[in-house]
Structure formats: structure tokens, C-alpha cells
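Please read the structure below before turning to the comments.
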Amino acid sequence: MIDLHTHSVYSDGTNTPAELVQISEERGLSAIALTDHDTVGGIVPLFEAGAGSSVETVPGIELSAECAKGTMHVLGYFIDYTNAALLEKIDTVREGRKERNHEILKRLNKLGYRLMWSDVEKHAGADVIGRPHFAAALVKRGLVKSRKSAFELLLAKGRPAYVERYRYTGRECIELIRNAGGIPVLAHPATIYLHDDQLRGLIMGLAECGLGGLEVYYAEHQPANIQKFKGWAEELGLICTGGTDYHGANTPDLKLGTGFGQLRVPDEALEQLKAAAGK
Ligand code: AMP
Ligand code: ZN
Ligand code: FE
Ligand code: FE
């Protein structure tokens, strides 16, 4: 069993990379990839933890791309996490997050939610602070009843405390991952929020720009979705990858490897990524 989509405290997960390795070992996983948002800070700790365990550790990242309606994320596997261009580009993204976080806080205060930056920071990861940390802080302060309602009322796209931030286009994400020796994979395609024919067209365009894989197996994908995405991936010559999008206590019902219970990511997904990356 493998899981190619996980988050640690370096972004918006609640486990350290070493804890992720330990949980994977306990659950009998043979490999995990760490795919924190906009940071490679957890990769060295992941490797260090992996070295003393039975779990193979895969370096990864998750980048957010510009997207009209929904959410478009591009995963990058086997990136060279010391690549200067990659580091510079993700630094720009993190700078953009700082401006955005400042604005989100201002909006929340204006809306009457008395939250301070120190409240948010308390929930923050090592490298990246984002909306999930605001949600946690709002719950902790008793200002909303759950993280989910924090997003629904305030933080989700279109809600009053939502603020845009600097993002690259899908094509730019693909290029920067490729230039760092990685394999770009389109994450959770359903969240792009397009009808099938448009979504398929978009994926085809990204494939022409160098996309290498599609996240077919995902905790929230119904069997019919898995079949559909698998069909598209095969037609377009994309590797079928998958993972849970584990965020630790931020995704309490979800288990590493199996998601909500049904998920099984084929081991060959990792073999194919490795072959593509020349590993
Ligand atoms: P950010 O990178 O700061 O824009 O935050 C994005 C993260 O917030 C995603 O990766 C999810 O973990 C979380 N998120 C986004 N939308 C929602 C939502 N509607 N409900 C719960 N969590 C969400
Ligand atoms: Zn996340
Ligand atoms: Fe994502
Ligand atoms: Fe993710």
C-alpha cells in the first residue's frame, strides 16, 4: 500500500514528517510522498525519518495554480528540492501568502471576528500559513463552530474573507516542476469544477505542456470518477497516481493509505513515476 499525497506541519498538516513515516510504518505502507503546499522544508526531515524505517519516502510538493472557478493543484514528484529556480519561485508564492494573510485578518476584523495574528500563528506550520490555520484559530477562539463552517461562512472562494493570492498558471507550475527534474501530476481533478468535456479539454492542454500524470485515486473520488479519470489518463498517456491528501488531525476521518476506507493506490503508480523521473 502506498500514499502519494500527504501534508505535514511544514504546510497545513498536523504531523511532522517523522510522524508521517511512523504512522505509515504502523499501517503497513511501503511508501509515502510528502506533498506540502509551496514548500520543500519537510523533505530532508522526511528522508531522515525514512532512512531508519521500512517506508520508502518520495520528495514532492503541491502548487496551487490559477483557476477560474474551483481549485487547481499541481503535484510535483521527485523534484530536486535544492533547485534554485524552484526555491525562488516558491519563495515568491510564500511572500504572496504573507500579503494575503494580512488582508484576510483585516477583513475578519472588519467583519467583527476578533482574531489576532498571534492566534493564527499558534496553529501555523513551519513554513506556510494559509486558510486552514485561520479556520483553526477561529474555532479555537469560539468564533465559529467548526473548520468547515469557517470555510463555508468566511474563507472559501467567494466568501467575505476570501482573498486572492499570487499563483502561477497551470502551465507555469508544470514547467517549474519539470525544470526541477520532477514529474508534474494534476491533483484531485474534480475540484477544478468544470463539466466533463471542458475538464477533459483542460487536461489535454496541460498534457501538451508536459503534465505527466493524473491523480485518479483520491479519497473523495467515487468509483465512477476513478473509472472516468483512469480512462482519460490512459487516452492521454498520463500516469495514474493517487493518495489521500492526509492532513493529520485536520482531516480526522481520513486514514493514511486508505482514505475513508475504500482507497487503494496501485503500487505501480510509484514505479511509473520513478521510471519517468529516471530514478
Ligand atoms: P490556502 O492554500 O491557504 O488557499 O488553503 C487551501 C487549503 O484549505 C486546502 O488545501 C484545503 O486543505 C483547505 N480548504 C480549502 N477549501 C476548503 C473548504 N471549503 N473546506 C475545508 N477546507 C478547505
Ligand atoms: Zn492542504
Ligand atoms: Fe490540493
Ligand atoms: Fe493536498
Next item on the list: For the chain, with all protein chains present and a 1.4 Å probe, just round the carbon and sulfur fraction of the accessible area to a whole percent.
Entry: 50 percent
Next item on the list: Can you find, among Leu206, Val120, Phe260, the residue farthest towards the positive end of the dipole of the chain? Put +1 on the C-beta of Lys and Arg, -1 on that of Asp and Glu.
Entry: Val120
Check: Which FRET efficiency value, to the nearest 0.05, do you get for Lys106 and Lys148 by plugging their Cβ-Cβ distance into 1/(1 + (r/R0)^6) with R0 = 30 Å?
Finding: 0.80
Check: Alpha carbon centre of segment 101-160 versus segment 245-265: separation in Å?
Finding: 24 Å
Check: Roughly how many debye, to the nearest 20, is the charge dipole of segment 41-148 about its Cα centre, given +1 on each Lys and Arg Cβ, -1 on each Asp and Glu Cβ, and no other charges?
Finding: 1100 debye
Notebook entry, point to check: How big is the Kirkwood radius of the chain, worked out from every pair of different alpha carbons and given in Å to one decimal?
Noted result: 18.9 Å
Margin query: Counting only helical runs of four or more DSSP H residues, what would the 222 nm mean residue ellipticity of the chain come to if each run contributes -39,500 (n - 2.57) and the total is spread over all its residues?
Written below: -12500 deg cm²/dmol
Next item on the list: Could you please report the charge total around Ala187, scoring K, R as +1 and D, E as -1 over all other residues with beta-carbon less than 9 angstrom from its beta-carbon?
Entry: -3
Item checked: Among Leu34, Gly237, Pro160 the positive-end extreme of the charge dipole of the chain (Cβ point charges) -> Pro160
Notebook entry, point to check: Measuring from the lowest to the highest alpha carbon on each principal axis, how far does segment 95-155 reach, largest first, in angstroms?
Noted result: 29, 22, 20
Next item on the list: Enumerate the calculated ³J(HN,Hα) couplings along segment 180-188 in order (Karplus 6.51 cos²θ - 1.76 cosθ + 1.60, θ = phi - 60°), each rounded to whole Hz, writing x wherever the residue is Gly or Pro.
Entry: 9, x, x, 9, x, 10, 6, 7, 4
Item checked: Charge dipole magnitude, Cβ of K and R +1, D and E -1 - the chain, Cα centre, debye nearest 20 -> 1360 debye
Notebook entry, point to check: What residues have an amide H closer than 5 Å to that of Val265, excluding those fewer than 5 places away on the same chain, when H is modeled at 1.01 Å from N in the peptide plane?
Noted result: Ile2
Margin query: Suppose every Lys and Arg Cβ carries +1 and every Asp and Glu Cβ carries -1, with no other charges. What dipole size does segment 95-155 come out with about its Cα centre, to the nearest 20 debye?
Written below: 280 debye
Checklist line | Leading residue at positive end of dipole, the chain (Cβ point charges), from Leu63, Gly142, Ala49 | finding: Gly142
Checklist line | Accessible area of segment 95-155 divided out per residue, in Å², using a probe of 1.4 angstrom | finding: 58 Å²
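The values are calculated or read from the model by the stated rules, or taken from the named source; none is laboratory data. Everything quoted here is computed from the prediction, not taken from an experiment. Quick reminder, even Gly has a Cβ in these numbers, built from the backbone with ideal geometry, and neighbours come from all protein chains shown. These accessible areas exclude ligands, DNA and RNA; they are computed on the full protein's heavy atoms, side chains included. Shrake-Rupley method; radii C 1.70, N 1.55, O 1.52, S 1.80 Å.
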